[in-house]
1. Classify the chain as rounded, prolate or oblate, taking a ≥ b ≥ c as the square roots of the eigenvalues of its Cα gyration tensor: rounded when a/c is under 1.5, otherwise prolate if a/b is larger than b/c and oblate if not.
2. Which of the peptides 125-136, 85-96 is most tightly packed, and how do the rest follow, going by the mean number of other Cβ atoms within 10 Å of each residue?
3. Please report, ordered by residue number, every helix of the chain (full DSSP H runs) that is 30 Å or longer along its axis going by C-alpha atoms and whose mean Kyte-Doolittle hydropathy reaches 0.0.
4. Can you give me the Cα centroid spacing of region 43-94 and region 118-132 in angstrom?
5. GluC sites (Glu not before Pro) within region 177-225: which are DSSP loop residues with at most 15 other Cβ atoms inside 10 Å?
Amino acid sequence: MSPRTALFLGGLVLALVTALVFLLLPIVALLTAVAPQDLGHQLRSPVVASALIVSLKTNLIANALMLAIGTPAAYLITLRRFPGRSLLITLIELPLVLPPAVAGIALLMTFGAFGLLGPTLAAHGVLLPFSQVAVVLAITFVATPFYLRAAITAFAAVSRDQLDAARDLGASEGIVFARVALPLAADGLRAGWAVAFARGIGEFGATLLFAGSVERITETLPLAVYAQLGVDIDSAVAIGVLLVLISGAVLLIAKLPPLWSPAKSTPSVGGW
């Protein structure tokens, strides 16, 4: 190995080590900030329990909406080429680059008392801001674009020949979607869901502006971290550790072995 090559490889190693230290050191510091016995006590506090319940409840509802609407929407976008498709995808991705505070203001300007739909909703007795429904809407708004972008990519990677073969065998479009496209795109959809769930569980800015931070109603785990910082730093750290554990679990789900591979059997004609 020449000195120049050795120097270059040494620089690569140094860059990798620097990146790892920079990215992992704060996480290690967080995980070791509270003793394990104290961590269990902090996580059993009413504040943490209520924030965890609100986070899980609102995220599960938001994820159900995201999957139920986003999956067929992404499939439709990849099913046919049509004028304005690139513009449509760009509009779908726009919330990805919005600052969280702007997302919260946008939701207020849509559903707030003086917003676009607020007066109409209020006339029917529906007040969304600073409610648990507002938390669900905030999470759905900021997380869905992550899932849609991944779902579009996953469906676009599905072989058109396999879809056409299913149609030639007499499968309806609904069966092609459910029995062929979904299984083939499942791994990409799972990865997209994991990223979207992680984004939703960590949502802070849009939720704070649109739903507020009311304990047992709209205070999610990230909002509880902020609220506890000035009251009980150990409690804030414990909630932070809990969020790290949840995020780590989501990453593991995203990296599970493939749900489908070409070696697995595919439905026969009679299986439609």
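Just so you know, all these numbers are worked out from the coordinates, no wet-lab data involved. Bear in mind the structure is a predicted one, so any value in this text is a computation, not a measurement. Please note: Cβ atoms are built from the backbone with ideal geometry, for glycine as well, and neighbour counts cover all protein chains shown.
1. oblate
2. 125-136, 85-96
3. Result, helices passing both filters: 3-31, 46-79, 132-156, 233-254.
4. 22 Å
5. Passing both the DSSP loop test and the Cβ count: Glu215.
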